[in-house]
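This report refers to the structure that appears directly beneath it.
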Amino acid sequence: MVFKNRTSFIFSVFLAVFLLFFAMVTGVRAAETDVKAKDPFHTTNLPLPRFASLGAEEVHVRAGPGQKYPIKWTFSRQGLPVEIILEFENWRKIRDHDGQEGWVYHTLLSGARTAFIESKENVPAYESPFNDDDKKSNINIMLEPKVLVNLEECQARWCAVEISGYHGWIERKFLWGIYENELFD
């Protein structure tokens, strides 16, 4: 390209730099918009869904993610396991054992893992886990339905639990508050 004078050369360079800058800025904004548009209800890097527990004795569950939304119900049992299914800024949409859903403020939740006994009959907590081919270990405690336990570790079939200073291993099929294939220690 041949320029007739110095002014047209400077104008062309300025225009090229401006168009390049404009393309970069709008490209970055488009990329940011795409990330938020992909998943506007996942504001942390933590997996969804995931289990947590109630971190306060009284937790108001709201119809939407904000204090302007009405309270649907109130939990009054600290440590109760809940499932976080969505996130919006500092609010978490949770699901309880009965399938009820609502929004709570993130500071009212705890990362402490708990579960409760999901059975119609008492459930034994054993001294150690065992396979069906093994001899059963001794029973440490018997736990009634809906009893809240602290989860300490979960293996393929068994979870180590603690309640009031007593420890034992329970088959995960009797616990609500852990996913079927979730492992942790």
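Here, each number is a calculation from the coordinates, and none is a lab measurement. The structure displayed is predicted, hence computed values, not measured ones. Heads up, the Cβs are rebuilt from the backbone with ideal geometry, glycines too, and the neighbour counts pull from every protein chain shown.
In whole percents, the pair-distance distribution calculated for the range 46-185 from its alpha-carbon pairs, binned every 5 Å from zero, is 2, 10, 19, 21, 17, 12, 9, 5, 3, 1, 0, 0. Summary value for the range 115-176: 39 percent relative contact order, contacts being C-alpha pairs under 8 angstrom separated by 6+ residues. When each of the peptides 136-142, 49-55, 75-81 is scored by the mean number of other C-beta atoms lying within 10 Å of its residues, the order from highest to lowest reads 49-55, 75-81, 136-142. Where a ≥ b ≥ c are the square roots of the eigenvalues of the C-alpha gyration tensor, would you call the range 50-112 rounded, which needs a/c under 1.5, or, failing that, prolate if a/b is larger than b/c, or oblate? Rounded shape, in that the Cα axes give a/c under 1.5. Here the relative contact order of the range 50-112, from alpha carbon pairs under 8 Å that lie six or more residues apart, stands at 39 percent. Evaluated with a Cβ-only charge set (Lys, Arg +1; Asp, Glu -1), the range 124-182 carries a dipole of roughly 160 debye about its Cα centre, given to the nearest 20. Highest mean packing first, where packing is the average number of other Cβ atoms within 10 Å per residue, the peptides 105-112, 87-94 line up as 87-94, 105-112. The value obtained for the range 115-176, namely the Cα convex hull volume divided by the number of residues, is 75 Å³ per residue.
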